[in-house]
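Here's the structure, in structure tokens; my notes come after.
The values are calculated or read from the model by the stated rules, or taken from the named source; none is laboratory data. Quick caveat, the model's predicted, so the values are computed rather than measured. In this analysis, Cβ positions are derived from the backbone assuming ideal geometry, glycine residues included, and neighbour counts consider all displayed protein chains.
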Amino acid sequence: MELPPRTPGDRQLRPGELRDICARLRRMAPEHDLASVIACAFDHRTRMLPFIVADMWMAPAGVRAIGSAMVEAGFPKTRIVLQQWNRNFRPSQMRLDGRVPDLFMVSSMQIHTAACHNLLRDAGRIDPAVRPLIIAGGPKVIYEPWDVFSNDSADPRGADVAVTGEEYVLLQLLEVLLTERAGGESLRKTFLRARDAGLLDEIPGLVYARGRPDGPAEELVDTGIQRLVVDLDEAPHPALGYRLLERPSDRATLGARPIPPGQVRHYSRMGGLVLTLGCKFACPYCPIPAYNQRMYRVKSGQRIAEEMIRLYREFGLHYFFGADDNFFNSQDRTLEIVETLAGTDVDGKGFHKTFRWGTEATIHDTLKMREHLRTVRKAGVIALWLGVEDMTGALVSKGQTVDNTQEAFRLLRERSILPMPMMMHHDDQPLYTPRRAEGLLNQIRLLRQAGAISLQVLMITPATGSKLYEEAFTSGMIYRSVGGRPVEQRMLDGNYVIASKHPQSWRKQFNILIAYLFFYNPVRFFKAVFFPKSRLYLPDPVMQLIGMWGLAQTVRCTIGWAFRLMFGGIRRRTVPPVSPIPMRNPSGGPAAHALEGTKLPSD
């Protein structure tokens with residue numbers, strides 16, 4: 001189910017409101033001396049293609065944005081812990097500035113749900129007298145907030161509150177709590193008092209539990225869909241978050257200090273930046289347009305240039321990835337960004353001689369930018385991850401065909417921009433078709449000939465928050481278990497075939513492995529060494545090496561599942577995973593984030 005839209009005219013915050021709330025909190029901060037820890041949940045069993053390098057080399061933008069917001073609001077005693085780097089971290093043992101923090105926040109994607117639950121469960125072991133206020137957020141919580149609460153009296157782990165929105169929602173919650181906080185009172189105690197008084201109900205973007213303070217949740221109250229910050233220039237500077245990163249270690253505790261600025265680039269070799277948000281396409285398997293309330297939000301070119309330059313000077317970062325949904329979505333706004341960057345000098349050098357960065361776009365919009373690709377390259381863009389999906393448009397049509405995909409790749413190669421195709425395999429696509437382009441291997445061969453130096457092939461899996469999500473369950477497409485092994489949330493990344501109506505779905509699992517092997521192999525590596533597909537010599541052979549290593553991990557993780565699909569019985573789900581805890585809005589009606597079939601407390 002897509003997130004429902006807010007009322008027209010009430011979908012965005014007042015211009016300047018994010019900056020204003022930070023200013024108000026800075027005035028309140030000296031009275032409270034808050035300490036906070038932000039953890040990024042990460043399940044190491046998900047380490048395989050196509051994310052096997054980026055998952056460790058790039059500190060995620062989401063948790064850094066929350067950390068930046070805390071510092072901007074006047075709370076510098078904040079630490080960001082990435083489970084990618086600190087897999088043994090235990091919240092029950094954390095101390096910051098010599099004390100248990102006032103706030104413990106967990107951010108998680110859906111595939112890292114198990115790790116998120118473990119963090120929440122361990123945080124719940126802290127003595128209630130000093131327990132921090134526990135907040136859950138991130139992509140997992142945006143669409144399934146009920147899953148960070150528990151109605152099990154034997155295991156009442158869970159968050160105190162879930163933030164289903166962006167930084168502003170968290171800051172608004174803090175403003176209410178600090179306004180109500182009595183001297184010496186723990187923030188969690190203040191939260192429970194404010195919750196019971198109904199003071200949180202006017203903050204869109206929260207879900208909180210009602211019930212005994214240390215018992216299971218009896219009901220969930222959903223305050224609705226968040227309002228959005230439209231001008232992304234208002235966001236706190238990402239440099240603030242980079243100063244909060246916990247050093248990688250095997251310890252369960254926190255270090256005395258975060259990573260020194262001069263060492264950040266040794267751990268986070270790429271910088272993830274939010275440049276634009278939103279996409280004009282309405283693909284039925286994608287939740288992005290509904291999340292953004294059908295809006296397209298951007299940073300200015302001047303702000304992006306300033307961010308990259310500051311991150312370079314303070315932390316030595318040269319390489320960036322734009323966390324865009326479709327960077328070329330709006331030609332006018334894209335041109336404002338790239339023309340500004342292309343015209344910016346850094347210490348007497350052109351922007352593209354100092355920075356290398358990549359982002360995501362579509363074939364359709366890349367072709368519309370054909371006359372401006374020289375400027376795009378001068379802005380520092382070195383790679384574009386392109387949503388090819390299926391070159392024939394059989395899965396979904398975003399203006400891509402075999403001919404215009406090859407044309408887009410040719411144009412990018414002429415400007416020394418690396419084309420990085422992202423593909424989706426589906427039930428109706430064969431592995432190979434003689435003399436036709438429908439087959440998966442046929443398309444990969446065409447993409448390689450056109451200049452692709454990397455490849456992403458994932459099985460289409462309905463995403464939470466998308467139009468297809470509920471229908472995929474009710475139609476029986478989604479698997480419950482295969483050969484007696486349950487489908488886990490970590491398997492929802494597209495590497496595992498867990499949703500298919502194909503009579504021999506094991507073929508689809510093997511097709512993905514064959515496709516990667518067809519693209520990443522020793523023969524192609526040696527060809528890349530002597531006949532690279534790019535004017536930039538190193539990326540092609542380097543990506544072949546990374547791809548072969550990643551393929552080995554992917555085979556190790558998924559080959560057993562392939563054989564289960566072949567020989568084991570498949571049990572299917574027929575209803576979506578609705579909240580087992582009754583949900584309501586503050587007035588008692590249906591909750592905005594609840595799937596159809598979720599019970600109301602009065603039922």
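Sort out for me the strands (runs of 3 or more DSSP E) sitting completely within the stretch 369-466 that have 2 or more residues that are under 30 Å from residue 142 (Cβ atoms) and of a type in the set (Gly, Ala, Ser). Break it down stepwise before answering.
Values: elements: 381-389, 418-425, 456-459.
Those strands (runs of 3 or more DSSP E) span 381-389.
Please determine whether any residue of the stretch 104-112 is in contact with a helix residue (DSSP H, G or I) (Cβ under 6 Å, 6 or more places away or on another chain), among the small types (Gly, Ala, Ser) and either at pLDDT 95 or above or buried (at least 17 other Cβ atoms within 10 Å of the Cβ) (or both). It would help to see each step written out before you state the result.
Within the stretch 104-112, the first condition is being in contact with a helix residue (DSSP H, G or I) (Cβ under 6 Å, 6 or more places away or on another chain), and the residues that meet it are 104, 106-111.
Going one step further and asking which of them are among the small types (Gly, Ala, Ser), we end up with 107-108.
Those still in the list that are either at pLDDT 95 or above or buried (at least 17 other Cβ atoms within 10 Å of the Cβ) (or both) too: 107-108.
Yes, the conditions are met somewhere in the stretch 104-112.
In the stretch 154-167, is there at least one residue being farther than 17 Å from residue 120 by Cβ and acidic (Asp, Glu)?
Checked against the condition, which is being farther than 17 Å from residue 120 by Cβ and acidic (Asp, Glu), the stretch 154-167 yields at least one hit.
Of all residues in the stretch 535-584 being under 24 Å from the mean Cα position of the chain (by Cα) and in a loop (DSSP other than H, G, I, E, B), which is farthest from residue 601 (Cα to Cα)?
Ranking the qualifying residues of the stretch 535-584, first place goes to 576.
Would you please name the residue that is surrounded by the most Cβ atoms within 10 Å (Cβ to Cβ), looking only at residues in the stretch 331-361 that are at pLDDT 95 or above and part of a loop (DSSP other than H, G, I, E, B)?
My answer is 355.
Could you list, in sequence order, the residues of the stretch 1-29 that are over 19 Å from residue 181 (Cα atoms) and free of Cβ contacts under 8 Å to residues at least 12 places away in the same chain? Spell out the reasoning first.
Kept after step one, since they are over 19 Å from residue 181 (Cα atoms), are these residues of the stretch 1-29: 1-20.
Selection gives 7, 8, 9, 14, 20.
Does residue 411 satisfy the condition of being over 28 Å from the mean Cα position of the chain (by Cα) and not acidic (Asp, Glu)?
It is true that residue 411 is over 28 Å from the mean Cα position of the chain (by Cα) and not acidic (Asp, Glu).
For the stretch 447-486, which positions are farther than 29 Å from residue 363 by Cβ and surrounded by fewer than 20 Cβ atoms within 10 Å (Cβ to Cβ)? Step through it out loud before you land on a result.
First, pick out the residues of the stretch 447-486 that are farther than 29 Å from residue 363 by Cβ: 470, 473-476, 478-486.
Residues satisfying the conditions are 470, 474, 475, 476, 480, 481, 483, 484, 485, 486.
Can you name the number of the only condition in (1) within 22 Å of residue 356 (Cβ to Cβ); (2) surrounded by 15 or more Cβ atoms within 10 Å (Cβ to Cβ); (3) of a type in the set (D, E, K, R) that residue 507 fails?
With (1) within 22 Å of residue 356 (Cβ to Cβ); (2) surrounded by 15 or more Cβ atoms within 10 Å (Cβ to Cβ); (3) of a type in the set (D, E, K, R) applied to residue 507, the lone miss is (1).
Taking the condition of being buried (at least 24 other Cβ atoms within 10 Å of the Cβ) and hydroxyl-bearing (Ser, Thr, Tyr), how many residues in the stretch 151-166 meet it?
Here the count works out to 1.
Could you figure out which of (1) in a helix (DSSP H, G or I); (2) modelled with pLDDT of 95 or more; (3) of a type outside the set (A, V, I, L, M, F, W, C) isn't true of residue 524?
(2)
Looking only at helices (runs of 4 or more DSSP H) that lie completely in the stretch 244-328, which have at least 2 residues being of a type in the set (A, V, I, L, M)?
288-291, 301-315
Mind checking which residues of the stretch 303-338 are among the charged types (D, E, K, R) and in contact (Cβ under 8 Å) with a residue 24 or more places away in the chain?
303, 307, 310, 314, 324, 325, 333, 336
So which residues in the stretch 44-64 are under 27 Å from residue 167 (Cα atoms) and surrounded by fewer than 19 Cβ atoms within 10 Å (Cβ to Cβ), if there are any at all?
Scanning the stretch 44-64 gives 44, 51, 54, 55, 56, 57, 61.
Could you please let me know if residue 175 is charged (D, E, K, R), out of contact with any Leu (no Cβ under 7 Å at 6 or more places or on another chain), within 30 Å of residue 289 (Cα to Cα) and at pLDDT 95 or above? Steps first, please.
Details: charged (D, E, K, R): yes; out of contact with any Leu (no Cβ under 7 Å at 6 or more places or on another chain): no; within 30 Å of residue 289 (Cα to Cα): yes; at pLDDT 95 or above: yes.
For residue 175, the condition - charged (D, E, K, R), out of contact with any Leu (no Cβ under 7 Å at 6 or more places or on another chain), within 30 Å of residue 289 (Cα to Cα) and at pLDDT 95 or above - is not met.
Quick check on the stretch 458-486: of everything there that is farther than 13 Å from residue 498 by Cβ and free of Cβ contacts under 8 Å to residues at least 60 places away in the same chain, which residue is nearest to the chain's Cα centre (by Cα)?
471
Would you tally the residues in the stretch 145-160 being under 22 Å from the mean Cα position of the chain (by Cα) and more than 15 Å from residue 591 (Cα to Cα)?
4
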